[in-house]
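The structure under discussion appears below in the form of structure tokens.
The values are calculated or read from the model by the stated rules, or taken from the named source; none is laboratory data. Keep in mind that this is a model prediction, so the values were computed, not measured. Virtual Cβ from ideal backbone geometry, glycine too; neighbours counted across all protein chains shown.
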Amino acid sequence: MRFLKLFILLICIQTISAQTEKPNILWITCEDISPDLPVYGDNTAKTPNLDALAEQSLVYDNAFATVGVCAPNRSSIITGMQPISIGTMHMRTGKDVIGWGSREYEGTDRVDIEGNPIIQYSAVIPENVKCFTEYLRAEGYYCTNNPKTDYQFAAPISSWDENGRKAHWKGREEGQPFFSVFNINDTHESKLWKYSDKPLTVSPEEVEVPPYLPDNAETRETIARHYSNIELMDKKVGELIAELKAEGLYENTIIFFYSDHGGPLPREKRAIYDSGLKIPLMIKGLGGTGRTDRMVSCTDLGPTVLSLAGISPPDYMDGKAFAGEFNTEPRDYIIGTSDRFDEVTDRMRAVRTKDYLYIFNFYPEKPRYKDLAYRMNIPMMPKMLELREQGKLDSIEQIWFSTKGTEEFYDVKNDPYNVRDISGKAEVAEELEKHRKLLHDYLFENPDLGQMPESKLISIMWPEKEQPVTAKPEIERTEKGITVSSKAPGASLVYMISDLKDIDTGLDAKWKLYTGPLKVKKGQFLFLRAQRIGYKMSEIVIVES
């Protein structure tokens, strides 16, 4: 009998342990693709690895970026906030905010909406807003990012255990749960020309040309390159999944696959239409498969990871968890925004429901087309501009080059390419007013820093055009150990403990997130650093026990 009771007790302990074990979470992200995949009905590219993942995943049919370009949308992913709420909506703020570093930026010839010159800068966001990975690290997760950040601010040293091209879940301690991000850039806009020496794996004759682009050899060649790049990306997805399986981690790892915004082609990337905002999203490990039409914003990704890890997302976040312990009610709509892109400034706001897309243009006299130097590298662009000059674009192709008007309204189910503006149709007047009110109420209830000229915003973030510096850590010795703080509001703190005073204290060193009093043994050295997002890091403070 005693043996039977012990056996039952052991089974119960094992069951409780299995139930409380935190899942590993892997993000496989790619760049610049719309739902251009077989799982979404587009069979142009062959993606066997994503097809296999989709069979074991819940596939989302209504997932959207906040902005149709990488850096502003990536800021929404890492913070769970709308870019217009935290001042990260302009693309791009500074030229070295992709990596760890933080420094003073040189001036440029870019101007804001009022024509005022703007410097390069790292966005200083509200002091209460953190990278969501800090909450994971505080709960014992090992967090890695490989290799891209591009948040509009230098990734704070507190946000990742490892950040760079060598970052990997393998660096964690035994039994430690991980959250790892691997970004695959083969589908980036730049690869439309940088991969010109690679053989096409998709025939130009087999691609479908969307109605907003002219159907010619140059266009087909560019589209074929895009689908060929998707096939390259799919192979790397397969390699990551194979690595998980080889290490016996696949079953206990929740896998997200998504793109950072819509496609790379003209009238896709940077656009506020579905072609710029709608993205693929599939998640394996939620306990179900199939499809869902639940609306998801990229602001929801971070809160959902926290929820899956059993962590309640902070109330300040704009995003809401759509799975896990803290799942919320489904969204009714998505907010999309468009401001400065490189050297061209505009301001547009959008509301996307399941049936309609409403856009309000604050500068209706400006054309939809933005004459960006970067986009001129796309092979099809010179030909498209030549056809425009010759008056040889048809009425739909010409829409991109026309002025916008104040409002745009699209029936997304009957007009998936968003080329028939029905804002003037009497039969949709009620729906138009409903969506107009949704946007009005949202902008009334939430901050929109885009209404402020960017030069004014920078003067608030960087007084006298100088990047603020985080106050250095301060210590207090208590019975519980060494307590650390910083006078900089919103600063995060990191530390290392070593037997040696002369150690590597660089950005790639294994800095730990400070969460409470520290015990330092006699003869050891405590290294401390503080950083508020957008500020320069503090100097290093060394404490000898």
* Could you say whether any residue in region 354-377 is β-branched (Val, Ile, Thr), surrounded by fewer than 21 Cβ atoms within 10 Å (Cβ to Cβ) and modelled with pLDDT of 95 or more? -> no
* Structure fact -> Exception for residue 471 within (1) more than 25 Å from the chain's Cα centre (by Cα); (2) hydrophobic (A, V, I, L, M, F, W, C); (3) assigned to a helix (DSSP H, G or I) falls at (3)
* Go through the residues of region 501-514 one by one and say whether even a single one is surrounded by fewer than 13 Cβ atoms within 10 Å (Cβ to Cβ) and in contact (Cβ under 8 Å) with a residue 40 or more places away in the chain. => yes
* When residues of region 29-51 are limited to those that are free of Cβ contacts under 8 Å to residues at least 24 places away in the same chain and within 23 Å of residue 250 (Cβ to Cβ), the one surrounded by the fewest Cβ atoms within 10 Å (Cβ to Cβ) -> 51
* Failed criterion for residue 143 (all others in (1) in a loop (DSSP other than H, G, I, E, B); (2) crowded, with 24+ Cβ neighbours inside 10 Å; (3) of a type outside the set (S, T, N, Q) hold) -> (1)
* Asked: Of all residues in region 158-178, which are buried (at least 22 other Cβ atoms within 10 Å of the Cβ) and either in a loop (DSSP other than H, G, I, E, B) or within 15 Å of the chain's Cα centre (by Cα) (or both)?
  -> 158, 159, 160, 161
* Answer with yes or no whether residue 518 is aliphatic (A, V, I, L, M), surrounded by 17 or more Cβ atoms within 10 Å (Cβ to Cβ) and over 30 Å from the mean Cα position of the chain (by Cα). => yes
* Within region 395-417, can you find the residues that are more than 21 Å from residue 366 (Cβ to Cβ), among the charged types (D, E, K, R), touching a residue at least 24 places away in the same chain (Cβ under 8 Å) and part of a loop (DSSP other than H, G, I, E, B)? -> 413
* Asked: Checking residue 430 against (1) in contact with a strand residue (DSSP E or B) (Cβ under 7 Å, 6 or more places away or on another chain); (2) without any contact (Cβ under 8 Å) to a residue 24 or more places away in the chain; (3) not β-branched (Val, Ile, Thr), which test does it fail?
  -> (1)
* Out of all the residues in region 381-404, which are over 20 Å from residue 223 (Cα atoms), of a type outside the set (Gly, Ala, Ser) and surrounded by fewer than 16 Cβ atoms within 10 Å (Cβ to Cβ)? -> 389, 390, 392, 401, 403
* Within region 1-119, which strands (runs of 3 or more DSSP E) (wholly inside it) include 3 or more residues that are of a type outside the set (A, V, I, L, M, F, W, C) and at pLDDT below 95? -> 107-111
* To do: Have a look at 267, 291, 220 and point out the one that is surrounded by fewer than 23 Cβ atoms within 10 Å (Cβ to Cβ) and under 22 Å from residue 353 (Cα atoms).
  => 291
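Do we find a residue being in a helix (DSSP H, G or I), surrounded by 21 or more Cβ atoms within 10 Å (Cβ to Cβ), in the same structural domain as residue 401 (by TED's automatic domain parsing) and in contact (Cβ under 8 Å) with a residue 12 or more places away in the chain anywhere in region 317-330?
No, every residue in region 317-330 fails to be in a helix (DSSP H, G or I), surrounded by 21 or more Cβ atoms within 10 Å (Cβ to Cβ), in the same structural domain as residue 401 (by TED's automatic domain parsing) and in contact (Cβ under 8 Å) with a residue 12 or more places away in the chain.
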* Report yes if some residue within region 25-48 is closer than 21 Å to residue 276 by Cβ, charged (D, E, K, R) and in contact with a Cys (Cβ under 7 Å, 6 or more places away or on another chain); otherwise report no. => yes
* Asked: Would you say residue 188 is surrounded by fewer than 21 Cβ atoms within 10 Å (Cβ to Cβ) and under 29 Å from residue 125 (Cα atoms)?
  -> no
* To do: Among the residues of region 418-446, write down those that are buried (at least 16 other Cβ atoms within 10 Å of the Cβ) and not in a helix (DSSP H, G or I).
  => 418, 419, 421, 422, 423
* **Test for residue 334: is it β-branched (Val, Ile, Thr) and touching a strand residue (DSSP E or B) at 6+ places or on another chain (Cβ under 6 Å)** => yes
* Structure fact -> Result of the Cβ filter at 6 Å on region 231-256, keeping first residues that are surrounded by fewer than 18 Cβ atoms within 10 Å (Cβ to Cβ) and partners that are assigned to a helix (DSSP H, G or I), at least 6 apart or interchain, is 238/49
* So which pairs qualify, if the first residue must be in region 356-367 and under 13 Å from residue 437 (Cα atoms) and assigned to a strand (DSSP E or B), the second must be at pLDDT 95 or above and among the basic types (Lys, Arg), the Cβ gap must be under 6 Å, and the two must be at least 6 apart or on different chains? -> 360/349
* Asked: In region 121-140, how many are under 23 Å from residue 170 (Cβ atoms) and either without any contact (Cβ under 8 Å) to a residue 24 or more places away in the chain or in a loop (DSSP other than H, G, I, E, B) (or both)?
  -> 4
